[in-house]
Every structure is written in structure tokens, then in C-alpha cells.
């Protein structure tokens with residue numbers, strides 16, 4: 001009798017080559033993604049060691065992390081001082097290695113975790129690595145995807161495998177349905193706030209339950225993206241018909257003549273009844289409210305009409321300029337950012353535009369929207385979303401990571417309070433002294449309009465009153 005297996009068990013078994021020693025396994029790596037901050041380093045190190053990329057067609061070099069988000073940017077234009085060298089070197093090394101290069105102004109360009117699903121680089125059942133911690137996003141499609149370092153990328157390019165210890169497993173079952181106006185971003189912040197940033201225990205987390213099945217692909221990507229903020233090794237959602245419909249026909253997905261076999265294999269990627277996990281959590285989706293972070297960690301998150309906990313640490317409060325018991329709603333902001341691999345997809349822009357339509361950003365607020373990819377940007381412009389953003393007073397940027405993290409270039413001013421649809425709010429994450437509040441795109445849009453932290457529901461209520 002076959003022992004019941006989890007989704008991770010099945011993915012691991014399909015890619016396990018053999019014993020890696022000391023409890024680790026050798027895992028076959030199907031696809032490697034690089035970006036310009038680390039790509040040239042890995043490729044140059046590989047070449048200098050006298051090795052070649054074993055399967056160039058399986059490696060993708062993508063310009064996204066430090067490219068300028070200025071509309072009409074130049075091919076080598078960076079938002080980081082000296083960043084043009086990283087761009088030109090990565091381009092040179094990628095062309096020399098013969099790998100797939102998705103350059104700065106390629107119509108396929110965008111943030112790696114946004115374009116990997118768009119292009120079918122990430123599909124159910126593949127193993128995929130990238131030197132970026134948010135690679136776990138791609139588990140939303142049923143892929144085994146995780147972040148690595150440059151040296152591991154180099155090793156995988158040379159050998160086609162990596163030595164990895166199988167992580168413990170956690171199942172998070174989300175029952176019920178999210179309320180109207182509550183998003184996957186709110187769900188992610190709710191889970192992290194409830195269980196702490198260490199709550200993921202370096203596990204491979206499988207999300208399941210009625211609420212997860214009801215999420216769109218883009219919402220699933222958002223949820224899995226934030227798993228690394230929960231200290232997970234990676235995140236997974238079993239591929240269902242929604243996923244199969246999404247990946248069909250994408251450029252690097254299985255071709256038409258391969259689809260029947262692929263669909264058969266993908267249909268097996270579900271956790272068997274009776275399979276066990278090392279850890280189990282249950283979340284009631286109906287209890288999740290629109291969330292916003294107040295401190296310097298994603299676990300410092302509360303419902304938007306909540307207050308700073310009395311137990312908040314003094315050093316955190318000093319940095320964010322708040323007091324115990326202080327309400328977060330109503331705090332004045334000077335900046336607003338919509339974008340990133342967490343919330344830079346078309347549905348994110350649509351939800352924000354719904355709030356912005358017919359309104360103007362408050363005086364004194366710098367508001368920026370950077371679509372996650374050229375595909376997202378083109379689709380948004382075809383719907384007229386760019387006009388809504390620009391008429392509201394938002395800057396409309398060229399695709400890339402942009403203001404998700406400080407790269408030494410353009411950012412918000414020290415001490416400014418910023419509402420952001422990104423994934424991290426550490427000290428200095430968006431610039432020296434910048435105070436970042438994480439929220440959904442709709443909440444960011446509502447806050448930019450109000451000039452103070454506010455939910456979309458609150459903004460609409462004020463308009464009607």
C-alpha cells in the first residue's frame with residue numbers, strides 16, 4: 001500500500017536525483033532565473049572557473065531590480081548609482097553564455113516573479129530557483145520554487161542540480177471566504193501578525209481550503225510571495241483548473257503536442273488524503289480585515305482601524321514615530337507606492353484605479369505606481385488605467401522593482417511616512433529613515449487620496465456622507 005504523500009513529497013520525489021549526504025538530497029533544477037544585481041556575478045564566476053551553462057535554454061536573465069522606473073528610460077539606465085555597470089555586465093555575460101536574456105526594454109521585461117508566470121517559465125511541477133527570496137511566489141502555480149544565493153545559482157547552471165535538505169512541512173487551511181474588499185495581501189499580513197515572522201518555521205507551506213480555491217492566480221501569487229516574510233522555505237498551492245487554464249499557451253509552457261502528458265502529470269500534484277504535515281494552522285477567512293503595518297516588521301500589522309499595541313518595543317516606536325495605543329488610521333503620509341512582485345499585477349492596478357477614479361492625491365503626497373511588467377503596463381494602458389492614475393496625480397513608471405527597496409538612488413525623504421503595497425517594512429527598506437506601512441493596493445490608493453492612512457471603505461463612506 002502506497003503511503004499518502006503531500007504535494008511537496010511528490011514534487012521532491014520527482015526531482016530527487018539521489019542522496020546528497022548529511023541528510024540532504026541532490027535535487028534536479030529545471031529552471032534558473034537571474035537578475036542584474038547577481039546575474040553577472042554568477043555568470044562571470046562560472047566562466048572564470050572554466051565551466052559552461054549546462055542547459056542555456058533553461059536559464060533566464062532578467063533586468064528588473066535596479067533598472068530605472070522612469071518612463072522612456074535608456075537601455076542602461078539604473079536607479080542605483082553605478083548600476084549601469086551591473087546592467088551592461090549582465091547583458092554581456094548572458095549573451096556570451098547563450099542563455100535567455102530579457103533585457104531592459106524587451107516587451108517581455110518585468111519583475112522576475114511577475115514575468116515567470118506570464119511567460120510560462122514557472123508552471124506546475126517544475127523546480128525553479130532564483131537569487132531572490134521572493135521566488136517562493138511561484139509556488140502559487142504548483143511549482144517547487146525557492147530563493148538561493150549567487151553561488152548556488154552558479155552550481156545549478158553548471159550541474160543542473162543542487163544539494164538541498166528537505167524542509168519540514170506546514171499546512172495552512174483557510175476556511176470560509178474573504179469578505180468583500182479584503183485581499184490576499186490582507187490575508188498574508190493577518191497570518192503573519194497572528195503567528196509572528198518566525199511562524200513559518202522554515203517549512204514548505206501548503207495553502208489550502210475554500211478561501212484559497214476562490215483566489216485568482218494573481219491573488220495566490222501575492223499570498224505565496226509573502227511566505228518568506230513568515231520565515232517559510234517556500235509556499236505551495238496545488239494546481240487546479242484555474243492554474244491549468246492560466247498556464248496554457250504561454251511561451252515557455254509545454255507546447256500543444258506536450259500538453260496532454262503535462263496535464264496528466266499535473267493532475268497528480270495534490271496532497272493525498274491522510275498525508276501528514278509537521279505543522280498545521282487553520283485560519284478563518286471571515287475574520288480577516290483590511291490590514292496595515294505599523295512598525296518595522298511584517299508581523300507589526302493590525303486591522304486598519306486598530307491601534308499600536310501597548311507591548312510595542314521602544315526602539316521600533318522611536319523609528320516609526322508612534323506611541324503605544326495610538327491609532328494608525330488617520331496618520332498623515334507623505335508618500336504612496338503601488339507596485340512590486342507582491343502587488344504590481346493587473347488586478348492590483350485595477351483595484352487601486354477603482355479607488356482613484358475621479359479623485360486626486362492629497363497635497364504633499366508623492367504617489368508612484370510602477371507596473372510589474374511590460375505586459376501588465378500595456379494591458380493597464382489598453383484599459384485606460386494609466387490615465388486614471390495620472391489624472392489622480394500618480395507617477396506612472398516603467399516596469400521593475402522600483403521603490404520596493406532602496407538602491408542608493410531615488411527614494412522618499414528621510415523621516416517621511418509612506419504607505420506601500422510592497423512586502424517589507426524594515427528600517428531603511430525604502431530609504432534611510434523612511435517609515436513604511438504595508439497595505440493592499442486599494443488601501444494605498446485610498447491613503448494617497450486622503451493624505452492619511454485610510455481604507456477604501458472609509459474613503460467611500462466619507463464621499464457619501
For segment 87-137, what is the largest minus smallest coordinate of the Cα atoms on each principal axis, given in angstrom and ordered from greatest to least?
31, 21, 19
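What's the extension gain from residue 202 to residue 76 if we count 0.36 nm per residue and subtract their Cα-Cα distance?
Here the segment from residue 202 to residue 76 would lengthen by 41.6 nm.
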Could you give the length gained on full extension between residue 327 and residue 180, defined as 0.36 nm per residue of separation minus the Cα-Cα distance, in nm?
50.6 nm
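Taking only DSSP H segments of four or more residues, each worth -39500 (n - 2.57), what value at 222 nm results for the chain once the sum is divided by all its residues, to the nearest 500 deg cm²/dmol? Numbers along the way, then the final one.
Working: 17 runs with 151 residues, N = 465.
So the calculated ellipticity at 222 nm is -9000 deg cm²/dmol.
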How large, in Å, is segment 278-391 by the Kirkwood hydrodynamic radius built from its alpha-carbon pairs?
16.6
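Evaluate the relative contact order of segment 155-269 (contact order divided by residue number), counting alpha-carbon pairs under 8 angstrom at least 6 apart; express in whole percent. Don't skip to the answer; put the middle values down first.
Numbers: 131 pairs, mean separation 29.4, N = 115.
Value for segment 155-269: 26 percent.
Between residue 381 and residue 315, how high is the FRET efficiency from 1/(1 + (r/R0)^6) when r is the Cβ-Cβ distance and R₀ = 35 Å? Nearest 0.05. Kindly include the intermediate steps, with their values, before the conclusion.
Numbers: r = 44 Å, r/R0 = 1.25.
Efficiency, from the Cβ-Cβ distance: 0.20.
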With only alpha-carbon atoms counted, please give the Rg and Dmax of segment 321-450, in Å.
13.8, 46
For helix 441-450, report the angle its Cα long axis makes with the longest principal axis of the Cα atoms of the chain; keep it between 0 and 90° and round to the nearest 10°.
20
The chain, relative contact order [Cα under 8 Å, separation at least 6], %
17
Rounding to the nearest 10 and keeping the result within 0 to 90°, find how far the Cα-based axis of helix 150-159 lies from the longest principal axis of the chain.
30
Can you say what percent of the DSSP beta bridges in the chain, counting only those with both residues inside, are antiparallel? Round to 5.
25
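Working out 0.36 nm times the residue gap between residue 272 and residue 410, then minus their Cα-Cα distance, what length gain in nm do you get to one decimal?
The span from residue 272 to residue 410 would gain 44.7 nm if fully extended.
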With both partners inside segment 300-434, how many of the DSSP beta bridges are antiparallel, as a percent to the nearest 5?
10
One checks the Cα atoms of segment 379-465 and finds Rg and Dmax, in Å, of 14.1, 44
Virtual spin-label span in nm between residue 258 and residue 49, 7 Å along Cα→Cβ
2.7
For the residue pair residue 391 and residue 92, what label-to-label distance in nm results when each label sits 7 Å from Cα along the Cα-to-beta-carbon direction?
4.8
Which residues does the label zone of residue 85 cover in segment 400-444, counting backbone N under 19 Å from a point 7 Å along Cα→Cβ?
407-410
Using a basic spin-label model with each label point 7 Å from the Cα along Cα→Cβ, how many nm lie between residue 463 and residue 282?
3.9
Return a whole-number percent for the relative contact order of segment 291-464, with Cα pairs under 8 Å and 6 or more residues apart as the contact set.
28
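What ranking of 246, 319 emerges when the number of other C-beta atoms within 10 Å of each C-beta is taken as an exposure proxy, fewest first? It would help to have the intermediate numbers written out before the result.
Numbers: 246 22, 319 16.
Going from sparsest to densest Cβ surroundings: 319, 246.
Segment 21-130: Rg/Rh from Cα coordinates, Kirkwood Rh?
1.00
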Expected sort for 108, 179 with the fewest Cβ neighbours (10 Å cutoff) up front is 179, 108
Place a point 7 Å from the Cα of residue 194 in the direction of its beta carbon; the residues of segment 210-254 whose amide N falls under 14 Å from it are 210-212
Please report, in whole Å, how far the alpha carbons of the chain spread along each principal axis, starting with the longest.
63, 53, 44
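Readers should treat all values here as calculations from the given coordinates under stated rules, not as data from a laboratory. Because the structure is predicted, anything quoted here is derived from the model rather than measured. Positions of Cβ are generated from backbone atoms using ideal geometry, with glycine treated the same way; all protein chains shown enter the neighbour counts.
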